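Undergrad: Structure below; questions to follow.
Every number here is computed from the coordinates shown, using simple stated rules; none is lab data. Just so it is clear, the structure is predicted and the values come from calculations on it, not from any experiment. So basically every Cβ, Gly included, is an ideal-geometry build from the backbone, and we count neighbours across all protein chains shown.
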Amino acid sequence: MMRAKPEPVQVVKLRRDSALKALVNGVPYIQFLGVEFDRRGDELTAVMPFADTLIGNPFLPALHGGAIAAFLEVTAIIELAWTGLWEAMEAGRLDPTTLHPTHLPRLPKTIDFTVDYLRTGLPRDAYARARVNRSGRRYASVQVEAWQDNRARLFAQATGHFLMPEKDV
């Protein structure tokens with residue numbers, strides 16, 4: 001019995017990247033903040049490029065606390081949604097070519113979100129990674145860490161709890 005020939009890696013990578021792009025483009029606030037996501041396998045790193053509009057205190061200057069919190073929350077929500085999409089794509093339950101910003105799975109809803117501001121957010125690009133601590137049918141817990149120049153020197157971290165949507169895929 002002959003097996004089907006596997007798809008080229010570039011085709012698989014392109015499909016996964018387009019699925020992530022559709023997911024991110026489905027949330028207008030992500031574009032407002034200018035947040036981008038860098039995917040390496042199933043791991044996402046959020047990048048918030050510096051912009052003058054993100055400054056909260058022009059005398060320091062420092063990033064606005066609300067922009068930092070929004071960046072961390074968006075990172076957590078996209079990580080949760082991406083984890084679900086990734087599992088569905090790997091299991092063959094989802095064809096990523098059908099994803100479009102107008103037709104996406106529902107996103108998790110924030111129950112609570114606690115931010116720890118560890119140091120001043122400098123006028124530079126910021127990076128964040130989220131780790132899903134627990135994800136069940138109804139509830140998920142996520143931890144997010146943000147840094148700027150040095151991954152070991154966090155400037156903010158957060159813990160969030162989310163209400164998971166019913167599985168569409």
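Undergrad: List the aspartates and glutamates whose alpha-carbon lies under 19 Å from that of residue 109, not counting same-chain residues fewer than 8 positions away?
TA: Excluding near neighbours in sequence, the set is 73, 79, 166, 168.
Undergrad: Given 121, 25, 12, which one lies farthest toward the positive end of the charge dipole of the chain, if we put +1 on the Cβ of every Lys and Arg and -1 on the Cβ of every Asp and Glu?
TA: The residue sitting farthest along the positive end of the dipole is 12.
Undergrad: Let me ask you something else. How large is the convex hull of the C-alpha atoms of the chain per residue, in Å³?
TA: Dividing the Cα hull volume of the chain by its residues yields 129 Å³.
Undergrad: If you don't mind, another one. Taking 0.36 nm per intervening residue step and subtracting the Cα-Cα distance, what contour gain separates residue 69 from residue 25 on full extension?
TA: Answer, rounded to one decimal: 13.9 nm.
Undergrad: Further question on the same structure: How many nm is it between the label spots at residue 18 and residue 47, if each spot is 7 Å from the Cα in line with the beta carbon?
TA: Label at residue 18, label at residue 47, 2.3 nm between them.
Undergrad: Add -39500 (n - 2.57) for each DSSP H run of 4 or more in the chain, then divide by its residues: what number comes out at 222 nm, to the nearest 500 deg cm²/dmol?
TA: Taken over the chain, the calculation gives -10000 deg cm²/dmol.
Undergrad: Follow-up. Using Cα-Cα distances under 8 Å and only pairs 6 or more residues apart, what relative contact order does the chain have, in percent?
TA: Taking the mean separation of contacting Cα pairs over the length of the chain, I get 24 percent.
Undergrad: While we're on this one: Taking 0.36 nm per intervening residue step and subtracting the Cα-Cα distance, what contour gain separates residue 132 from residue 60 on full extension?
TA: 22.5 nm
Undergrad: Just 58, 49, 123 to compare: in a GNM of the chain, with alpha carbon springs under 10 Å, which one fluctuates most?
TA: 58
Undergrad: Also, quick follow-up: Run the simple label-point estimate for residue 120 and residue 39 please: 7 Å along Cα→C-beta, distance reported in nm.
TA: 3.8 nm
Undergrad: Using +1 on the beta carbon of Lys and Arg, -1 on that of Asp and Glu, and nothing else charged, what's the dipole of the chain about the Cα centre, debye to 20?
TA: 440 debye
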